[in-house]
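Undergrad: This structure is in structure tokens; I'll ask about it shortly.
Please treat every number below as a calculation from the coordinates, not as lab data. The structure presented is a predicted model; accordingly, all values stated were derived computationally and were not measured. Don't worry about glycine lacking a Cβ; one is built from the backbone with ideal geometry, like all the others, and counts go over all protein chains shown.
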Amino acid sequence: MPELYTSGNKNISQDAAPHNPLASFCLRPEKIKFETQEAQEKVILFLRQHPIVNIPWIVIVIVLFFAPRVLEFFPLLTFLPERFQQAALILWYLVLMAFALEKALAWFFNVYIITDERIIDVDFHNLIYKEVSDAKIDKIQEVKHTMGGVAGVMFNYGNIYIQTAGAQPSFDFESVPNPSGVTKILQELRTEEEIEAIEGRVR
């Protein structure tokens, strides 16, 4: 695996990468900013869950989309006037659309950010409520990752578990791509923070 993070100068690759809005693993994205970002703080990694986690709900949406066509062969709603049957069909597709939109937004806005100073976990609950947690890199005590199942191994995604000495004792980055690479970057960031503390360097 190539060196993603060069210890000693806090530089991941020489050039920032263009950011694909739908990317689930973006190394040094050049256009990513967030609300509480400090002036000199640099985004090292921008993460989402691997796109493969969307397959189950996409399959459900496809099946339910065609379900009314299948049900035409079974006279379940024939006792209703035609107008009510049409209203029920419209309601069905509206609910299905809302379900698909909620799942897509949850995947898009639930993100994990690693900067040269801290880790940030953004939990998107709905359009009017989100929860943001962060911890300084020097508060990280332990980082480990797991890759479970055939899909996890085939598509190289898994969970990262981070223990901290901060206000929030643990962070879970779930189903993220390249978990071993992310873990390595976090470990090297920790090492650099420890070196800075020993040498008395203040950023």
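Undergrad: Straight-line reach only, C-alpha to C-alpha below 19 angstrom: list the aspartates and glutamates that Lys103 could link to, leaving out same-chain residues fewer than 8 apart.
TA: Output for Lys103: Asp121, Asp123, Glu131, Glu174.
Undergrad: In a Gaussian network model over the chain where Cα atoms closer than 10 Å are linked, find which of Gln86, Gln141, Gln187 has the largest mean-square fluctuation.
TA: Taking springs between Cα atoms under 10 Å, the residue moving most is Gln86.
Undergrad: Another question, then. Rounded to whole Å and ordered largest first, report the semi-axes of the equivalent ellipsoid of the chain derived from its Cα gyration tensor (root of 5λ).
TA: Details: eigenvalues 391, 59, 42 Å².
Over the Cα atoms of the chain, the semi-axes work out to 44, 17, 15 Å.
Undergrad: May I ask for the net charge around Pro21, where only other residues with Cβ less than 12 Å from the Cβ of Pro21 are counted and Lys, Arg are +1 while Asp, Glu are -1?
TA: Numbers: positive: Lys31, Arg48; negative: none.
Once all neighbours under 12 Å are counted, the net charge is +2.
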